[in-house]
Amino acid sequence: MNSSNSAYEKYKMIAQSVTSPCAILSVEKNEDGTAGDIRLFATNDKFSMTGEMVEGELYTKFLPREPKFDDMCLRAAFGGEKIHTYVDSTKTLGAWSDNILLPLQPDEDGKTGYCQFIYDLTKEMDAGKFSTISPTVAGFVIKSCLELRSDNDFKVNINQVIEDIRIFTDATFACVISMNREKQKSELICQSIEETAMAAGQSFSGVSFDTIDKWDDLIGESDCFIMRDKADIENVVEKVTPKWAQLLRMKGIENLCLVPLQQRKVTVGYILVTNFNLDNLVTIKETLEILSLFVSSEMANNQFLARLEWLTSVDMRTGVRNRAAMNRVVDEYAEQLKWQKYPIGVAFCTMNGLKALNEKNGHDAGNKCLEEAGHILSEIFDETEVFRSAGEEFAVVCKDADEKDFQERIEKLRERGSNPDGVYFAIGTAFDSTEGDLRKALRNANKQMLEEKENFYIKYPDKKRS
């Protein structure tokens, strides 16, 4: 930087007079009125990004580009606004940052403006400083929080919130997706689709866990990922997750906003909004980032209650859910299927030769065999889908099941439960994607199971109870 430059000398003096970390930012304005390059024009000694020389460099050399920050710099440098904001920068700086932007005199040609950027870091968030968000954002967030905590169950509440988000962002599609890396599973919790988008098939219900697992790489150190246009599919998305890029092209996605839902700094899901109004990008980004905090909290609360309910209905011997829980689930699904048809897969699995094993080796051997059977079932199916329906009998009930995936899991169960001297399952299955008659499916599965059981004792007569 040339020290004879009077503007630099003047702004360097201003920066050095500030006790907190301070930088004078030069902001270029594009012909369309948007922010162009934003550089660290002059800094004081306390302002440091990496410990190296930063003056004259684009701020994006050190931090991920943030549309919200670009807009604030533009408003301060050219609009004369004084801006005070509070940002969760724990990912990049390890703390929250309290930021102030003050306007300075722009160049005479009006193409380059300047603003004074001052920040302080704190390990804790001062919630009161969120009062700086706009009334529009605050009003929507408050309304959404009230809906999340209403007297309806979580699914009803979150469905209403995601519908409101789609309308608020003027998007064609919005959804909440949960993920569990330990179990390599993801779930579309809720979605809202505009009628035209529904006709175009823009639902993302079939996105695989492997694809969703790459989304954190798209977000990187930022608070969210924004795809502004189709060019970003080739320039950004394709490089990180080609399958996701292919799906976006197939579904005609023009832009999207992907915001992580985090619990204890671990991503447990995402809010995804597609084909929204880009004119309101800054407002949309700010709204979704703040709202994600409350959605994450409500998800955690719902998961805790679900876990508590599961613990009260678990069969202590096998670790799967008990008969009472099965009866409740079957009654609930059967009632739902009267109003909304969805594919459901069921199975009955009885343990062959268990009584003979008890007589030959004692009940301890039989109990260990039961425990192993519960372990096998829990590894292949989700813990919410497996029940001990009787003494030596288990049931599987899979809601919103994919038929191919269900059959693959059944084949895996047959492979692992085929030891004549240990766990050997007689298995009966049924899959219903059209009728919605759960109890009929259970009867058919039970009939098939009994036939398999009879065939086992024909093949292994010595396993019959003496």
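Listing for the model above:
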{"item": "Condition met for Ala171 (part of a helix (DSSP H, G or I) and touching a Phe, Trp or Tyr at 6+ places or on another chain (Cβ under 8 Å))", "result": "no"}
{"item": "Matching entry among Cys190, Cys175 (being within 16 Å of the chain's Cα centre (by Cα) and either touching a residue at least 40 places away in the same chain (Cβ under 8 Å) or farther than 22 Å from Ala306 by Cα (or both))", "result": "Cys175"}
{"item": "Subset tally (residues that are out of contact with any strand residue (DSSP E or B) (no Cβ under 8 Å at 6 or more places or on another chain), open to solvent by 40 Å² or more (accessible area, probe 1.4 Å) and in contact (Cβ under 8 Å) with a residue 12 or more places away in the chain) for region 148-166", "result": "2"}
{"item": "Residue list for region 311-340, restricted to those being in contact with a Ser or Thr (Cβ under 7 Å, 6 or more places away or on another chain) and either open to solvent by 80 Å² or more (accessible area, probe 1.4 Å) or not in a loop (DSSP other than H, G, I, E, B) (or both)", "result": "Arg321, Arg323, Ala324, Ala325, Met326"}
{"item": "Region 50-97 - residue that is at pLDDT 70 or above and part of a strand (DSSP E or B) and, of those, most open to solvent (accessible area, probe 1.4 Å)", "result": "His84"}
{"item": "Residue match in region 271-285 (condition: open to solvent by 40 Å² or more (accessible area, probe 1.4 Å), touching a residue at least 24 places away in the same chain (Cβ under 8 Å) and among the basic types (Lys, Arg))", "result": "no"}
{"item": "Meets criteria (at pLDDT below 90, within 35 Å of the chain's Cα centre (by Cα) and of a type in the set (Ser, Thr, Tyr)) for Thr434", "result": "yes"}
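The values are calculated or read from the model by the stated rules, or taken from the named source; none is laboratory data. All values derive from a computational prediction rather than experimental measurement. Every residue, glycine among them, receives a Cβ derived from its backbone with ideal geometry; neighbour counts consider all protein chains shown. Just the protein is used for accessible areas: all its heavy atoms, side chains included, with ligands, DNA and RNA removed. Shrake-Rupley method; radii C 1.70, N 1.55, O 1.52, S 1.80 Å.
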